[in-house]
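The block underneath contains the structure these notes are about, expressed in structure tokens.
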Amino acid sequence: MTKRVLVAMSGGVDSSAAAALLLKQGFYVEGVTMKLTAGLCCDIGSAQAVCAHLGIAHRMLDAQAEFSRSIVADFIAEYCRGRTPNPCIACNDLVKFQLLLQYARSNGFDSLATGHYARIGRDAQTSRFLLKKGVDENKDQSYFLYRLTQDQMESVLFPLGNLKKTEVRALARELGLPAAERPESQEICFVPDNDYRSFLKEHAPRTLKPGELVLTDGTVIGTHEGIAFFTVGQRRRLGIAAGERRYVIRIEPDTNRVVLGSVSELQTREMTVSNLNFILFQKLDAQKLVSVKIRYRSPFVPAVIEPGGQTVRVRFEQPVKGVCPGQAAVFYDDDVVVGGGTIEATQAW
């Protein structure tokens, strides 16, 4: 029996190429586009055009209420707490691979496919599903997918995982896909021009709560509009006169202060990570040497992770700059995702 695959289609080249590849491989394919927020996310018209070009059905799923409640509200709340959220990870976790996968299963599809650059494998000894980096190092998106569960990976396909972006573009042109020349999508789909400060001012005016800018010794050197407009490691738009280069060292929601300091004061030697999800194994029972990413575009850094009940202690082998509470820390063993979680606290070097 031909396997039925539902492809999450944003209207961009990656998800369009994913649908085309699966069709060429003999799967029964339909496309689905989630309506997440009015006019600022997926291009429904483009997705429909691609589906028409491929001769497959297109569905639309209105997920605006769930997206607003689970993603946008949390995005605002995290900034109000002086943290730096990653809404793309939350969206993959709560919307794409929970809400949309449930929709796919309840509508008779065997799998849900997306245009992510990542790979799913199987451990020969444990039979656990593995999440691996995409072949294209510049496009690898495994960082955003570390919250996948074993149950989800059984029904998820990443057709682009073994391809480079240049190959995907070439395929889209060869097939004459309407999305072949579409540019890369913006970083945060619901924030126009990626200007989160303007977004917060418009949608969460409560974030406009003035406070003090202080040095690490407590010296007050200025004021700010609200802690939500700062992130650890930030150097520009600090609102202070030029002089010695200053960075945001930490944000104190209790005192409503933003603490500035030198680059040396920004160095971190260890951090605590919570809200854990492991893929390589069920639970971390002993120390493990891993490579860690603290942001999507940050380099891999060697570290030791240690179990600590509901959290993991991460000890870096070298100083790491700009570790932000609220961001995701993802652990790797070569090209395999061990797991990850949310950065809670840091300790200076």
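The values are calculated or read from the model by the stated rules, or taken from the named source; none is laboratory data. Please read these numbers as outputs of a predicted model, since none were measured by experiment. Virtual Cβ from ideal backbone geometry, glycine too; neighbours counted across all protein chains shown. The area values use the complete protein model at the heavy-atom level, side chains included, leaving out ligands, DNA and RNA. Shrake-Rupley method; radii C 1.70, N 1.55, O 1.52, S 1.80 Å.
The relative contact order of the stretch 250-305 comes to 19 percent, based on Cα pairs under 8 Å that sit 6 or more residues apart. Taken per residue, the accessible surface of the chain reaches 46 Å², heavy atoms only and a 1.4 Å probe.
Taking the alpha-carbon centroid of each part, what is the distance from the stretch 217-252 to the stretch 265-304 in angstrom? Here the answer is 27 Å between Cα centres.
Under a Gaussian network description of the chain, with springs only between Cα atoms under 10 Å, the residue in 250, 173, 83 that fluctuates furthest is 173.
Think of the chain as a dipole: +1 on every Lys or Arg Cβ, -1 on every Asp or Glu Cβ, centred on the Cα centre; then among 102, 138, 347, 138 lies furthest on the positive end. Give, as ranges by residue number, the residues of the stretch 8-30 whose backbone N falls under 15 Å from the point 7 Å along Cα→Cβ of residue 53. Residues 9-24 qualify, since their backbone N sits under 15 Å from the label point. Each peptide in 328-340, 255-267, 107-119 gets a packing score, the mean of other Cβ atoms within 10 Å over its residues, and the list from highest to lowest is 328-340, 107-119, 255-267. Relative contact order, whole percent, for the stretch 1-111 stands at 27, derived from Cα pairs under 8 Å and 6 or more residues apart. How large is Rg over Rh for the chain, taking Rg from the Cα atoms and Rh as the Kirkwood inverse mean of 1/r across Cα pairs? Reported Rg/Rh, Kirkwood definition of Rh: 0.99. Can you tell me, using C-alpha contacts under 8 Å and at least 6 residues apart, the relative contact order of the chain as a whole percent? Reported relative contact order: 16 percent. The figure for residue 88 is an accessible area of roughly 50 square angstrom, using a 1.4 Å probe on the protein chains alone. Measuring between alpha carbons in the structure, the pairs from 288/321; 293/321; 133/293 lying more than 20 angstrom apart are 288/321. Between residue 225 and residue 255, the modelled labels are 2.4 nm apart [label points 7 Å from Cα along Cα→Cβ]. A helix-only calculation puts the chain at -5000 deg cm²/dmol for mean residue ellipticity at 222 nm, using -39500 (n - 2.57) for each DSSP H run of at least four residues, averaged over all residues. Note on exposure: 164, 24 ranked by accessible area (1.4 Å probe, complete protein assembly) read 24, 164, with the most exposed listed first. Which of rounded, prolate, oblate describes the stretch 39-156, given a ≥ b ≥ c as roots of the alpha-carbon gyration tensor eigenvalues and a/c under 1.5 marking rounded, otherwise prolate only if a/b is larger than b/c? In terms of gyration-tensor shape, oblate. Overall, the accessible surface of the chain at a probe of 1.4 angstrom is composed of carbon and sulfur to the extent of 47 percent. Distance between the 7 Å Cα→Cβ label points at residue 217 and residue 317: 3.7 nm.
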